[in-house]
């Protein structure tokens, strides 16, 4: 089973529950030609990555129309910034980071709170809960119906959804998320913990409803 951005299998290599995508056939050649101004090569990069970029935008925004607009914006930005890609990370990783930054800027322009308003305490790292809420969650990283999980993610409060997507799907560390969302590391861990609790609750409710329909 696979979600865009990472494969839904547990790994000890990352804090999240998804592995990074493997290299895509033809990407390296298209990337070099696109950097030299080949429009057909850029069109190929768009075809190779548009679904992943759209899925990332949709998960972060929870709105189809906004996700479509931000996907187009991400590739326009990519067209202007492609020459700055130096290959220090995988191209997909670089493109996802570019997309994440654009979506966060979009949300800030709308004046939306990037962390949940339910989080009334913004602890420093030293004051964070003794229990590490940022570790992998085996109840969510096992075999889960992809459609049910996607629907559950879409219903999370915006702050919870952002932290869950950034950490458990995109694989960012809590200190990176804290910098992006302008909150503390402890706040990021707490948001993730609450997001996972909410997801487990939603998935359980969906499972019970499905059983009742069968019965």
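Here, each number is a calculation from the coordinates, and none is a lab measurement. As the structure is a computational prediction, the values presented were derived from the model and not from experiment. Here Cβ is always computed from backbone atoms with ideal geometry, including for glycine, and neighbour counts include all displayed protein chains.
Can you pull the one-decimal nm distance between simple spin-label points at residue 24 and residue 36, each 7 Å off the Cα toward Cβ?
Taking the simple label geometry, residue 24 and residue 36 are separated by 2.1 nm.
If packing is taken as the mean number of other Cβ atoms within 10 Å per residue, what is the order of 50-59, 156-165, highest first?
Put in order of decreasing packing, that is 156-165, 50-59.
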